[in-house]
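The values are calculated or read from the model by the stated rules, or taken from the named source; none is laboratory data. Note that the structure is a prediction, hence the values are computed from the model and not measured. No Cβ is skipped: glycine too gets one built from the backbone with ideal geometry, and neighbour counts run over all protein chains shown.
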Amino acid sequence: MATNNEKLFSEFPPVATGAWEEVINADLKGADYEKKLVWKTAEGFSVRPYYRAESLEGIAFLDTRPGQFPYVRGTKANNNWQVRQTVDVADPKAANARALDVLMRGADSLSFRISEGRSWTAADLDALLKDIEIKAISLNFTGCGVAHVAGLVIEKVKNEKLDPEDVHVSFDIDPLVGKLSLKGKTGSCCEGGTCFDKIKSLIEAAGPYKRMRLVTVNGKTFHNCGSTIVQELAFSLAVGHEYVVRGMEAGLTVDRIAPSLLFNFAISSNYFMEIAKFRAARMLWANVMAPYNPARGCSSKMKIHATTSMWNMTVYDPCVNMLRGTTEAMSAALAGVDSLEVLPFDAAYAAPGEFSTRIARNTQLLLKEESHFNQVADPAGGSYYIENLTRSIADEAWKLFLQVEEQGGYTKAFETGFIQARVKASADARDKAVSTRREILLGTNQYPNFTETADAAVTADATASTCSCGCSDGQNPMVLHPYRGSMAFERMRLAVDRSGKEPAAFMLTVGALAFARARAQFASNFFGCAGIRPIDNVRFGSVEEGVKTALESKAPIVVLCSSDDEYAAFAPEAKKLLGDKAILVIAGDPACRPELEAAGITRFVSVRSNVLETLKGYQKELGI
């Protein structure tokens with residue numbers, strides 16, 4: 001076997017694309033190829049049902065290696081990323097103890113989230129970082145007063161004479177996204193229009209510590225407001241570019257301002273698209289920087305931190321968030337991000353505890369230690385599918401980026417409402433997709449846990465849109481509004497859980513068994529999404545028997561589940577027997593619907609229904 005150099009598939013003749021297409025069209029039996037097999041993405045391009053080697057023709061970046069311009073395959077030759085975990089800081093000593101515990105359990109990157117209402121001193125910083133070896137890990141600071149904390153950190157590393165090559169610290173200073181986009185103004189830390197003066201002074205104060213990332217472009221904010229992948233990428237590029245331009249206008253060189261940026265992207269559950277997004281992001285940023293002719297290679301390298309999606313998180317069936325976080329982390333790891341944080345599965349409704357933070361941390365450690373994702377750089381490279389996704393995302397993001405630039409940059413585009421309008425249109429489309437179940441949030445709008453009631457920690461506030469600083473301002477069209485896609489369903493179901501009532505929907509299964517069971521399963525899932533408990537049944541021998549059992553159950557809703565052909569006879573009989581003792585619902589959208597509606601049977605649930613609006617209507621009828 002060792003001397004056998006025959007190619008594995010040499011004895012199989014190649015098959016031309018035309019031959020594949022002929023077979024596909026024959027199998028479609030006249031159905032529309034584009035409608036059946038081509039995926040029209042929300043990002044503005046189409047995805048073909050298959051790709052071949054010829055699909056790679058014209059992709060200019062294919063011949064590069066990891067660490068080579070334009071860095072589509074990564075900014076470094078390896079794929080080792082840092083495992084980040086956030087520690088909330090109200091008391092520096094308590095936060096220090098928590099941070100040391102996190103480091104002992106496998107994290108090698110810490111993010112300190114500073115609480116409001118504290119005036120930080122050098123002594124506070126010393127207490128926070130006590131026994132933490134700065135040169136051994138990376139540090140990040142976010143939250144209130146982070147610009148002031150940045151000054152303290154710079155002073156500390158200088159006083160301790162740490163080697164600049166060993167200091168990897170970043171700060172979440174982001175007036176364009178964190179303040180302007182969410183608040184409509186740059187915020188109290190930048191009064192008097194001094195935001196960029198402050199950033200300039202910090203960069204200059206950092207001096208030789210060129211690995212400090214003093215400005216963070218929070219692209220994750222766009223995602224968590226409902227944007228598409230292309231919008232998240234394009235708007236993040238525009239924000240990053242504006243920071244560079246303003247820094248240079250203030251007297252900094254491109255080689256001083258560009259390496260001071262950190263990009264923080266979200267990771268959605270769109271697995272392959274997210275891999276392609278990160279690859280496209282590095283390539284586009286390198287091309288944005290190229291005209292400035294930077295002398296330092298790192299000026300063209302996008303430093304990426306990735307955070308799992310908050311938009312996808314649910315408060316019902318919350319353990320599913322662990323699975324979402326795992327696949328999202330896989331996308332980012334395979335795409336070669338520099339650092340990664342998996343959010344605890346209960347982050348949407350509670351202060352994460354020991355169990356949820358351990359699971360979040362260990363998700364990454366498993367990908368490293370057991371799955372060895374860190375041992376292969378850009379494993380997606382050369383994939384016909386992902387290379388084409390990378391090119392398509394890059395093309396669409398570049399077009400949108402240029403539209404923002406033509407308006408004078410991110411700030412100008414935001415002031416005209418261009419950014420908000422684009423994100424809102426995407427969010428509205430996603431909301432509609434969730435409400436009609438074209439986009440699935442498992443356990444919330446599909447396959448709910450029928451026996452679940454909301455955790456005691458889940459409050460009405462947990463299902464309300466709030467900004468990153470905790471303010472609720474969902475009505476202001478001039479700012480962006482972070483939210484979770486499941487919130488509307490959660491508010492509806494929480495109303496049931498807190499109502500003191502236990503509404504039920506009785507499945508009256510009769511007639512053809514296959515149809516009755518399929519529609520009972522559909523209807524059970526449908527009503528379960530609102531916390532209306534389904535009472536399922538195998539099959540009744542007659543409508544009369546089913547109605548009798550339904551009335552004995554005292555269920556306020558009775559769902560007739562049968563075949564389309566049998567509804568014409570069964571539905572009027574059920575209506576007559578039920579009278580006004582229960583709400584009759586037909587599972588499906590039968591051809592005889594007009595005749596049934598003429599007979600006073602007006603309630604139907606089917607795959608065409610808007611699940612959210614339909615269930616709200618039933619809740620209202622039940623007095624909830």
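Looking only at region 433-450, which residues are at negative phi and in contact (Cβ under 8 Å) with a residue 12 or more places away in the chain? Quick ask: steps written out before the conclusion?
Taking region 433-450 and keeping what is at negative phi, we get 433-436, 438-442, 444-446, 448-450.
Scanning region 433-450 gives 434, 435, 436, 439, 441, 442, 444, 445, 446, 448, 449, 450.
Yes or no: region 85-97 includes at least one residue that is buried (at least 19 other Cβ atoms within 10 Å of the Cβ), in contact with a Gly (Cβ under 8 Å, 6 or more places away or on another chain) and in a strand (DSSP E or B). Break it down stepwise before answering.
Quick first cut of region 85-97, residues buried (at least 19 other Cβ atoms within 10 Å of the Cβ) only: 85-87, 89, 92, 95-96.
Among the residues that remain, those that are also in contact with a Gly (Cβ under 8 Å, 6 or more places away or on another chain) are: 89.
Add one more test, that the residue is in a strand (DSSP E or B), and what stays is 89.
Within region 85-97, one or more residues are buried (at least 19 other Cβ atoms within 10 Å of the Cβ), in contact with a Gly (Cβ under 8 Å, 6 or more places away or on another chain) and in a strand (DSSP E or B).
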Subject >> Selection count where residues are surrounded by fewer than 24 Cβ atoms within 10 Å (Cβ to Cβ) and of a type in the set (Asp, Glu), scope region 250-302 >> reply: 1
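Yes or no, residue by residue, for (1) at pLDDT below 95; (2) in contact with a Leu (Cβ under 6 Å, 6 or more places away or on another chain); (3) over 30 Å from residue 494 (Cβ atoms); (4) aliphatic (A, V, I, L, M):
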| position | (1), (2), (3), (4) |
| --- | --- |
| 355 | no, no, no, no |
| 358 | no, no, no, no |
| 363 | no, no, no, no |
| 366 | no, no, yes, yes |
| 370 | no, no, yes, no |
| 417 | no, no, yes, no |
| 435 | no, yes, no, no |
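Pick out the one residue from 584, 577, 596, 612 that is touching a strand residue (DSSP E or B) at 6+ places or on another chain (Cβ under 9 Å), within 18 Å of residue 505 (Cα to Cα) and touching a residue at least 12 places away in the same chain (Cβ under 8 Å). Show your work before the answer.
Values: 577 fails: touching a strand residue (DSSP E or B) at 6+ places or on another chain (Cβ under 9 Å); 596 fails: within 18 Å of residue 505 (Cα to Cα); 612 fails: touching a strand residue (DSSP E or B) at 6+ places or on another chain (Cβ under 9 Å).
None of the other options fit; the residue is 584.
Looking only at residues that are hydrophobic (A, V, I, L, M, F, W, C) and outside any helix (DSSP H, G or I) in region 537-574, which one is surrounded by the fewest Cβ atoms within 10 Å (Cβ to Cβ)?
Filtering region 537-574 for residues hydrophobic (A, V, I, L, M, F, W, C) gives 538, 540, 543, 547, 550-551, 555, 557-561, 568-571, 574.
Those left that are additionally outside any helix (DSSP H, G or I): 538, 540, 555, 557-561.
Working: 538: 10, 540: 20, 555: 22, 557: 23, 558: 26, 559: 29, 560: 34, 561: 30.
Here the residue is 538.
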Original post:
Can you name the number of the only condition in (1) surrounded by fewer than 19 Cβ atoms within 10 Å (Cβ to Cβ); (2) on the phi < 0 side of the Ramachandran plot that residue 623 fails?
Top reply: (2)
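Please determine whether any residue of region 495-502 is out of contact with any His (no Cβ under 9 Å at 6 or more places or on another chain) and buried (at least 24 other Cβ atoms within 10 Å of the Cβ). Break it down into steps so the answer makes sense when it comes.
Initial filter on region 495-502 (out of contact with any His (no Cβ under 9 Å at 6 or more places or on another chain)): 495-502.
Within this subset, residues satisfying the condition of being buried (at least 24 other Cβ atoms within 10 Å of the Cβ) are none.
No, region 495-502 contains no residue that is out of contact with any His (no Cβ under 9 Å at 6 or more places or on another chain) and buried (at least 24 other Cβ atoms within 10 Å of the Cβ).
Against the condition of a type in the set (Gly, Ala, Ser) and either in contact (Cβ under 8 Å) with a residue 60 or more places away in the chain or farther than 30 Å from residue 314 by Cβ (or both), how does residue 523 come out, does it pass? So that I can check it myself, show each step before the final result.
Numbers: of a type in the set (Gly, Ala, Ser): yes; either in contact (Cβ under 8 Å) with a residue 60 or more places away in the chain or farther than 30 Å from residue 314 by Cβ (or both): yes.
Yes.
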Original post:
If you check residue 523 against the conditions, is it at pLDDT 95 or above, crowded, with 24+ Cβ neighbours inside 10 Å and touching a Pro at 6+ places or on another chain (Cβ under 9 Å)?
Top reply: yes
Original post:
Does region 315-326 contain at least one residue that is free of Cβ contacts under 8 Å to residues at least 60 places away in the same chain and in contact with a strand residue (DSSP E or B) (Cβ under 6 Å, 6 or more places away or on another chain)?
Top reply: yes
Original post:
Pairs, please: C-beta under 6 Å, at least 6 apart or cross-chain, first residue on the phi < 0 side of the Ramachandran plot and in region 144-158, second at pLDDT 95 or above and aromatic (Phe, Trp, Tyr)?
Top reply: 146/171; 149/141; 150/171
**OP:** Just name the residue that is nearest to residue 228 (Cα to Cα) out of those in region 41-83 that are among the aromatic types (Phe, Trp, Tyr) and buried (at least 16 other Cβ atoms within 10 Å of the Cβ).
**Re:** 45
Original post:
Do we have residue 354 as in contact with a strand residue (DSSP E or B) (Cβ under 6 Å, 6 or more places away or on another chain) and not aliphatic (A, V, I, L, M) here?
Top reply: no
Original post:
If residue 237 satisfies every condition in (1) more than 29 Å from residue 119 (Cα to Cα); (2) in a helix (DSSP H, G or I); (3) in contact with an Asp or Glu (Cβ under 8 Å, 6 or more places away or on another chain) but one, which is the exception?
Top reply: (3)
